[in-house]
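A short worksheet on the structure shown next.
Just so it is clear, none of the values below were taken in a lab; they were calculated from the coordinates. Because the structure is a prediction, the values reported are computed rather than measured. Please note: Cβ atoms are built from the backbone with ideal geometry, for glycine as well, and neighbour counts cover all protein chains shown.
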Amino acid sequence: MRRIRFKDPESGKTLIFLTNNTTPPAITIAALYKNRWQVELFFKWIKQYLRIKKFLGTSENAVKTQIRCAVSTYVLIAIIKKELQLNASPYTLLEILSVSVFEKNPILQAFLARLFPVKSSRRREPLNLFEI
């Protein structure tokens, strides 16, 4: 086991790493751990914003394809949000799209109808299912 002590020049914090890799210099091990943290943050972002709960395939190509599709969807939603000047979150917009995907309404109308529902002034009577 190898203990490495590293002082981060950016934050001034002293970090201590334990590793069983004895060959590379300490600065290389510290850089690997710093990059590993960036990967962890990337996957946290994926889980929060791209709604990927699990990967459908195990190969590198399957994972890359699923991430690309999710990022493309996220970017399209961000473009729609900006172009239509909507204040709703991307998550809300995705929910609206998932519900109205088979409707033949313009996209702006689908968003506005669900974000700002019009309340009817007249009272509706409940339907009687057993009346012939």
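For LEU15, the residues 5 or more places off, or on other chains, whose built amide H falls under 5 Å of its own are PHE6, LYS7, ASP8. Take every Cα pair under 8 Å whose residues are at least 6 apart in sequence, average their separation, divide by the length of the chain, and the relative contact order is 11 percent. Ordered from longest to shortest, the equivalent ellipsoid semi-axes for the range 54-116 are 27, 13, 9 Å, each the square root of 5 times a Cα gyration tensor eigenvalue.
In loop segments of the range 7-53 as defined by DSSP, the trypsin sites (Lys or Arg not before Pro) with at most 13 further C-beta atoms inside 10 Å of their C-beta are LYS13, ARG51, LYS53. The mean sequence distance of close C-alpha pairs (under 8 Å, at least 6 residues apart), as a share of the length of the range 54-116, puts its relative contact order at 20 percent.
Compute the longest continuous run of the chain that contains no exposed GluC sites (Glu not before Pro); treat a site as exposed when its DSSP state is not H, G, I, E or B and it has at most 11 other Cβ atoms within 10 Å. So the longest stretch without any such site is 11-102. Placing unit charges on the Cβ atoms of the charged side chains and taking the dipole of the range 1-49 about its Cα centre, the candidate lying farthest along the positive direction among ILE46, PRO25, ASN35 is PRO25. When the inverse distances between all different Cα atoms of the range 1-49 are averaged and flipped, the Kirkwood radius reads 12.0 angstrom. Using the alpha carbons alone, the radius of gyration of the chain stands to its Kirkwood radius in an Rg to Rh ratio of 1.25. Between the listed residues ALA113, THR65, ILE4, the Cα displaced farthest toward the positive end of the dipole of the chain, a dipole computed from Cβ unit charges relative to the Cα centre, is found at ILE4.
Each residue of the range 85-97 was assigned a 3J(HN,Hα) from its phi angle through the Karplus curve 6.51 cos²θ - 1.76 cosθ + 1.60 (θ = phi - 60°); the sequence is 6, 8, 8, 6, 6, x, 4, 5, 5, 5, 5, 5, 5 Hz, with glycine and proline shown as x. The trypsin sites (Lys or Arg not before Pro) found in the range 82-114 that occupy coil by DSSP, while having at most 15 further C-beta atoms within 10 Å, are LYS104.
For the chain, a simple Cβ point-charge model (Lys and Arg +1, Asp and Glu -1, everything else neutral) yields a dipole of about 420 debye relative to the Cα centre.
A Förster distance of 35 Å, applied to the separation of the beta-carbon atoms of PHE130 and VAL99, puts the FRET efficiency at 0.70.
Obtain the nm distance between the two label points defined at THR73 and SER89 by a simple spin-label model: each point lies 7 Å from its Cα along the Cα-to-C-beta direction. The answer from the label model is 1.7 nm.
Per residue of the chain, what 222 nm ellipticity follows from adding -39500 (n - 2.57) for every DSSP H run with n ≥ 4, rounded to the nearest 500?
Details: 4 runs with 67 residues, N = 132.
Helix-only estimate at 222 nm: -17000 deg cm²/dmol.
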